[in-house]
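Each value in this text was obtained by applying a stated rule to the coordinates, not by laboratory testing. Nothing here was measured: the structure is a model prediction, and the numbers come from that model.
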Amino acid sequence: MSAELDPEAAAEEQRRADRLRRTVDVACAVLRQGRLTRAEGEAVVAVAREQVLALFPGKGDVFDLVLAPRFGRILDEFCPPPTARVLPFRNGQVSRSAGTTDATG
């Protein structure tokens, strides 16, 4: 038997590669457009990783090397971790504890 893949095996490999591309593209689009919290974004990445590993078992190290940095950059840009808690205004007034006054004061 030759070292080349038979046409059927090559076609199956191409189908899995196409599915991988679509999975990653959809996950990236959801992260960019979904207005997700950081936890929700990380959950999307975890599901994408599971799907990739189902297509290519044993390739978690490749995912971590190639795709994880891409997902990390998107998470940092579109799903940043919370930095500070913003308190809501009451009745359109600014909180005095913030060092400002409302319209009456």
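Each residue of region 12-28 is assigned a 3J(HN,Hα), and the resulting list reads 5, 4, 5, 5, 5, 5, 5, 5, 4, 4, 5, 4, 5, 4, 5, 4, 5 Hz, derived from the Karplus form 6.51 cos²θ - 1.76 cosθ + 1.60 (θ = phi - 60°), x at Gly and Pro.
Diagonalising the gyration tensor over the Cα atoms of region 17-79 and scaling each eigenvalue by 5 before taking the square root yields semi-axes of 20, 12, 10 Å, largest first.
Contact order for region 17-79, expressed relative to its length and based on alpha carbon pairs under 8 Å spaced 6+ residues apart, stands at 49 percent.
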